[in-house]
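Working notes, beginning with the structure itself.
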Amino acid sequence: MSDTSTVNTESAFKDQKQKMAISARNINVVYATPTGDIPAVRDVDIDLPKGSITGIIGESGSGKSTLIMAIMNAVTKPGKITSGSVILNGENDILQLSSEKQRKIRGKEIGFVFQAAQNSLNPLRRIGQQILDLGRAHEVNDLRELIKYAKRLLIRLGLDADRVLASYQHELSGGMRQRVGIMFSLVLNANIVFLDESTTALDMLSQASVLEIIRELQKEKNLTIAFVSHDIGVIADLSERIEIFYAGEIVEEGKTSEVLASPKHPYTKGLIKAIPKISGDIDAAEPLKGSSPDYRTFKQKGCLFYDRCPIRTNSCQDSRPELNITNRDHKVACFRVGANDRD
Amino acid sequence: MTTPGTAKSVHTFTPKSYNGASFWKAAWRSITRKTSRIIGFAIIVLFTLMAIFGPYLYSSHLPINTNAIYAPISWKYPLGTDFEGTSNLALIITGARYVLLAAALGALFTVIFGTVLGLIAGYFVGWSDSIIMRITDFFLTIPSFPLLVVLSTVWNFGHPLAMGFILGITSWGGMARAVRSQTLSLRERGFVEAARGLGLSPFHILFREILPNVSSYIGMNLLTSITGCIYAEVGLFFLGVVPFHVNNWGVMLNMAVFSAGAMSSPDALPYLLSPLLALLLLTLGIVLFLDAVDEMFNPRLREDV
Amino acid sequence: MIEIKNLQKFFQIKAKFSNHKTVHAVRNVNLAIPSGGALCLIGESGCGKTTIGRMLCGMENPSSGSIIIDGQDISKLKRGARAKLLQKVQLIHQDPYQALNPTHTIEQMMKATLKKMAKQKKKDADWIRQRMDELLKLVGLDPETILFKYPHMLSGGQRQRVIIARALTVEPEMLIADEVVSMIDVSLRLGILKLLRYLRERHNISILFITHDIASARYLGNDTELYVVYKGMVIERGRTERVIRSPQHPYTQALLSAMPILKGIEKPGKDRFVITSQFRQSEEEPRGCLFADRCPFKQSICDEKRPELVHKDDAYHACFFPKVRQVAAESI
């Protein structure tokens with residue numbers, strides 16, 4: 001009897017793992033700087049369920065891009081992954097694989113676009129040639145088919161495909177380059193796609209159409225998408241689940257509409273109040289107090305949001321808060337959940 | 001009640017002026033960062049001292065010792081002697097002044113002329129650019145070496161200033177072109193446009209806004225110009241094209257090869273090798289130091305307090 | 001205090017086969033901004049809004065039309081007087097990093113213009129130091145921690161504030177803010193917007209706010225005007241809140257529809273729609289409405305005649321079939 005129950009829980013556990021496209025645990029990335037070691041990503045656990053769109057919000061420098069790079073083991077010096085495991089599709093820990101295998105995974109299994117996508121294209125080769133390079137690097141058999149697919153993607157993204165394939169990077173505008181970057185992340189048919197600030201150079205109409213295409217493609221191919229940005233509007237519109245990132249840690253996570261409708265962490269609350277919106281009273285908006293964390297903040301023993309927090313107490317300085325569930329899958333890392341400014 | 005004296009500014013805030021201090025501090029820090037740079041710096045300092053004080057260490061006519069012609073290396077003659085018995089070391093030390101001074105002047109001339117013309121051409125564009133560039137092209141196409149040979153028949157290069165001037169005149173072209181192209185791209189930058197909009201004078205824009213951004217290139221070019229000039233003048237003297245008026249390294253090389261048959265007879269070898277060694281050492285010093293120059297002028301490497 | 005009438009700008013672009021193509025970048029634009037007022041130009045990239053801003057501060061010359069600052073038409077003035085007048089209008093760029101000289105500390109940068117002002121006003125070094133202090137505090141920065149730094153040591157928001165402080169050294173009457181918050185994190189934009197509003201309301205400095213993000217335009221105050229620009233032409237105009245809540249032109253409606261919805265806080269406007277076709281530099285000049293090829297509500301007359309900007313009920317629009325549609329997101 002106990003045998004069957006353990007077998008059941010084991011298979012249930014395995015089942016759960018299978019549902020996760022990416023299951024990252026205990027990711028720690030440290031940057032070595034002249035002023036000391038800065039923990040850019042600290043003890044982060046993150047799950048990306050298959051076929052979901054997860055949005056990761058954080059200010060520039062909060063470590064959100066580093067987290068994505070760490071998951072792909074693409075962190076460059078002076079950064080270094082000091083611990084963590086990333087289970088891909090419930091099978092292997094990709095951080096333990098050889099660098100050759102990791103390289104194959106990047107592109108084939110995980111498609112990604114750097115934040116500076118405009119600058120990560122090779123300036124000396126035409127776009128079309130670079131697609132062929134990518135195909136050859138990943139041992140794609142039918143290169144012609146690859147180019148055809150790339151063209152279809154570009155047209156869907158609203159670009160003149162033939163012209164773009166024949167161009168060099170500097171001949172394209174910033175918005176065009178961002179869209180080319182998105183095409184690169186999708187062209188090898190990866191099931192998992194990471195997008196880092198993929199719409200910042202686009203104006204409203206282009207951005208709306210790109211988001212629409214991402215939504216369509218996600219539905220068609222059941223893609224798992226992780227979208228990193230500082231723009232809450234874009235993330236709120238696109239993603240079902242949201243992770244709020246501050247100073248290297250996840251401080252709140254949950255279903256998008258729920259986290260935005262009833263935010264629990266003071267940072268999330270402040271963030272929502274601080275963003276320009278098309279709705280609501282303009283005099284109700286308040287900028288966030290204090291300034292972004294710097295190397296001094298990281299030396300603190302207690303909560304990293306302490307300096308800017310409107311509901312802090314002395315005990316918040318003693319230790320770091322952990323992520324705890326408030327209801328269903330809505331988690332917050334704060335000692336004072338539920339307290340008001342006036343308390 | 002406040003007296004007029006104190007009423008003016010109760011909180012006199014004097015901002016930490018980081019103008020001068022930070023450049024030299026940053027320069028020193030970049031030099032000391034790597035041992036190779038320190039060595040280079042030390043060599044340059046050594047030769048500079050040699051150039052300044054060298055001739056004072058010896059009498060104006062170096063002693064001749066007919067008994068010690070082409071003497072081998074010994075404690076008395078650390079680098080051997082020449083065809084008259086004069087110590088090669090003494091020759092090197094006293095000859096340094098001409099070589100270095102001429103090269104420094106030549107490099108200075110190249111850099112100043114090239115930079116100013118490059119800045120003006122690159123910033124004002126239009127007809128001033130065309131004129132300046134035509135002149136530059138003219139100078140670029142003149143083969144400097146034959147020109148120097150021809151000029152040497154009418155001009156006495158006894159004074160390092162004359163040599164420096166001639167070297168400078170023939171080599172500022174490349175510098176002007178490079179500075180011009182950097183200026184052309186810098187003038188489109190936001191801060192230059194902002195300076196125009198704020199009503200700052202073109203002089204200010206050229207020399208206070210654009211020039212500091214080209215300074216790293218200028219610094220490095222200054223040093224490579226010096227090496228270039230040294231080789232040019234030494235070469236000229238070596239080839240015997242320029243009449244032998246003074247005592248310097250190029251002359252030594254010329255004498256060693258053509259008069260003393262140093263290529264075939266081993267006795268005169270120290271006489272040949274001493275100037276070569278001096279040249280090599282100096283070039284090495286400059287090259288090692290060059291590494292620090294880019295860092296020195298890069299404000300991004302000034303550390304935040 | 002600043003007015004433009006019938007402003008036009010044509011650009012010559014070298015097309016592939018050496019024929020020059022003429023682009024009509026700004027078409028017959030009229031606008032007026034009172035002292036302390038704020039006017040927002042909204043549109044996609046390439047619509048001409050930046051060109052309008054650059055013409056207003058003298059960085060570009062109009063092909064035709066007049067720019068009138070404080071009652072004087074600048075094209076009729078001599079170079080010296082013209083330069084002096086144009087200095088009252090300062091441009092703030094989009095990229096705060098490019099707009100600062102990387103080899104100057106903030107102090108050196110502020111002193112460059114303050115020295116000039118001090119000479120004009122016959123003031124001394126103490127005045128310069130005080131003014132630096134004053135202006136940095138005005139934009140919300142602490143002089144002690146900022147003056148000795150180089151631009152690369154500051155954050156994007158700090159750089160933008162420093163640039164505004166620099167613009168204020170010459171005591172302008174108007175600031176042209178060209179996409180000034182586009183390169184700053186969304187969570188930090190409000191600070192800069194509030195600063196601009198403060199400069200308007202307390203220091204009477206007019207603001208021409210150029211952006212593609214309509215939401216940020218709201219935060220310059222309750223009495224701002226919004227001009228929607230499409231391919232160089234103003235196609236809708238009115239008080240900001242009114243244009244947002246009751247837009248009449250399909251293009252304005254498309255822009256408002258395209259704004260992302262904050263799930264949980266906002267709900268989409270009931271008439272919201274999506275346009276799929278892309279903005280392209282047109283090959284030939286269309287005979288009719290400039291927006292006709294992308295307009296979901298177009299009718300045959302739209303391809304034949306071009307609608308002019310007409311005044312109706314306190315707002316302006318350029319459309320033959322204007323219809324108010326509630327497309328902007330609303331609070332839940």
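Please state which one of C:113, C:103 is in contact with a Gly (Cβ under 9 Å, 6 or more places away or on another chain) and more than 25 Å from residue C:41 (Cα to Cα).
C:113
Can you name the residue in region A:201-226 that is away from chain C (no Cβ under 14 Å) and either at pLDDT below 85 or surrounded by fewer than 21 Cβ atoms within 10 Å (Cβ to Cβ) (or both) and is also farthest from the chain's Cα centre (by Cα) among such residues?
We begin by selecting, within region A:201-226, every residue away from chain C (no Cβ under 14 Å); these are A:217-226.
Then keep just the ones that are either at pLDDT below 85 or surrounded by fewer than 21 Cβ atoms within 10 Å (Cβ to Cβ) (or both); that gives A:217-222.
Values: A:217: 18, A:218: 16, A:219: 19, A:220: 21, A:221: 19, A:222: 18 Å.
Per the stated criteria, the residue is A:220.
Kindly establish whether residue A:185 is touching a residue at least 24 places away in the same chain (Cβ under 8 Å), polar (S, T, N, Q) and surrounded by 19 or more Cβ atoms within 10 Å (Cβ to Cβ).
The answer is yes for residue A:185.
Among the listed residues A:61, A:51, A:79, which satisfies the condition of being within 14 Å of chain C (Cβ to nearest Cβ) and of a type outside the set (D, E, K, R)?
The match here is A:61.
Scan region A:270-309 for residues that are surrounded by 15 or more Cβ atoms within 10 Å (Cβ to Cβ) and more than 12 Å from chain C (Cβ to nearest Cβ) and jot them down. Before the answer, list the steps.
Taking region A:270-309 first, the residues surrounded by 15 or more Cβ atoms within 10 Å (Cβ to Cβ) are A:270-280, A:282, A:285, A:287-288, A:292-293, A:297-298, A:300, A:302-306, A:308-309.
Those that are surrounded by 15 or more Cβ atoms within 10 Å (Cβ to Cβ) and more than 12 Å from chain C (Cβ to nearest Cβ): A:297, A:298, A:300, A:302, A:303, A:304, A:305, A:306, A:309.
Can you confirm whether region C:171-188 contains a residue that is more than 30 Å from residue A:58 (Cα to Cα) and either hydrophobic (A, V, I, L, M, F, W, C) or free of Cβ contacts under 8 Å to residues at least 12 places away in the same chain (or both)?
Yes, the conditions are met somewhere in region C:171-188.
For residue C:95, all conditions in the list (1) under 24 Å from residue C:201 (Cβ atoms); (2) assigned to a loop (DSSP other than H, G, I, E, B) hold save one; what is the number of the exception?
The single condition residue C:95 does not satisfy is (1).
Restricting to region C:229-269, and then to whatever is more than 7 Å from every other protein chain (Cβ to nearest Cβ) and among the acidic types (Asp, Glu), can you tell me which residue is surrounded by the most Cβ atoms within 10 Å (Cβ to Cβ)?
Checked region C:229-269; the qualifying residue surrounded by the most Cβ atoms within 10 Å (Cβ to Cβ) is C:236.
For residue C:304, only one of the following conditions fails: (1) among the acidic types (Asp, Glu); (2) within 30 Å of residue A:284 (Cα to Cα); (3) at pLDDT 85 or above. What is its number?
(2)
With a cut-off of at least 3 residues that are over 17 Å from residue B:191 (Cα atoms) and within 12 Å of chain B (Cβ to nearest Cβ), name the helices (runs of 4 or more DSSP H) lying wholly within region C:132-225.
Because the criterion is at least 3 residues that are over 17 Å from residue B:191 (Cα atoms) and within 12 Å of chain B (Cβ to nearest Cβ), the helices (runs of 4 or more DSSP H) in region C:132-225 that meet it are C:143-146.
Could you list all residues from region A:18-76 that are outside any strand (DSSP E or B) and among the hydroxyl-bearing types (Ser, Thr, Tyr)?
The answer is A:35, A:52, A:60, A:62, A:65, A:66, A:76.
Of all the strands (runs of 3 or more DSSP E) wholly in region A:243-343, which have at least 3 residues that are at pLDDT 85 or above and within 21 Å of residue A:40 (Cα to Cα)?
The strands (runs of 3 or more DSSP E) meeting that bar are A:249-255.
Taking region A:227-249 only, how many residues are more than 14 Å from chain C (Cβ to nearest Cβ) and under 17 Å from residue C:268 (Cβ atoms)? I'd like the intermediate steps shown before the answer.
The initial filter retains those residues of region A:227-249 that are more than 14 Å from chain C (Cβ to nearest Cβ), namely A:243, A:248-249.
Subset that is under 17 Å from residue C:268 (Cβ atoms): none.
Total satisfying the criteria: 0.
When you look at residue A:198, is it surrounded by fewer than 22 Cβ atoms within 10 Å (Cβ to Cβ) and either modelled with pLDDT of 90 or more or small (Gly, Ala, Ser) (or both), yes or no?
no
Given the conditions (1) crowded, with 20+ Cβ neighbours inside 10 Å; (2) modelled with pLDDT of 90 or more, report the number of the one that residue A:190 does not fulfil.
Here residue A:190 clears every test but (2).
Hey, can you tell me all the residues within region C:105-114 that are more than 7 Å from chain B (Cβ to nearest Cβ) and more than 22 Å from residue C:177 (Cα to Cα)?
C:111
Based on what the data block shows, is residue C:121 surrounded by fewer than 22 Cβ atoms within 10 Å (Cβ to Cβ), closer than 24 Å to residue C:189 by Cα and more than 8 Å from chain B (Cβ to nearest Cβ)?
For residue C:121, the condition - surrounded by fewer than 22 Cβ atoms within 10 Å (Cβ to Cβ), closer than 24 Å to residue C:189 by Cα and more than 8 Å from chain B (Cβ to nearest Cβ) - is not met.
Has region B:143-156 got at least one residue that is touching a residue at least 40 places away in the same chain (Cβ under 8 Å) and of a type in the set (Ser, Thr, Tyr)?
yes
Any idea how many residues of region C:75-99 are in contact (Cβ under 8 Å) with a residue 12 or more places away in the chain and under 20 Å from the mean Cα position of the chain (by Cα)?
Going through region C:75-99 one residue at a time, the tally reaches 14.
Residue by residue through region C:83-94, note down the ones that are in contact with a helix residue (DSSP H, G or I) (Cβ under 9 Å, 6 or more places away or on another chain) and either of a type in the set (A, V, I, L, M) or within 16 Å of residue C:109 (Cβ to Cβ) (or both).
Within region C:83-94, C:85, C:86, C:89, C:90, C:91, C:92, C:93 qualify.
Among the residues of region A:141-158, write down those that are surrounded by 22 or more Cβ atoms within 10 Å (Cβ to Cβ) and either touching a strand residue (DSSP E or B) at 6+ places or on another chain (Cβ under 6 Å) or closer than 14 Å to residue A:128 by Cα (or both).
A:150, A:154
As an exercise: evaluate residue C:35 against (1) assigned to a strand (DSSP E or B); (2) surrounded by fewer than 19 Cβ atoms within 10 Å (Cβ to Cβ) and give the number of the one condition it does not meet.
Checking residue C:35 against (1) assigned to a strand (DSSP E or B); (2) surrounded by fewer than 19 Cβ atoms within 10 Å (Cβ to Cβ), the one that fails is (1).
The values are calculated or read from the model by the stated rules, or taken from the named source; none is laboratory data. From a predicted model like this one, the values you see are computed outputs, not experimental measurements. As a convention, Cβ positions derive from the backbone with ideal geometry for all residues, glycine included, and neighbour counts pool all protein chains shown.
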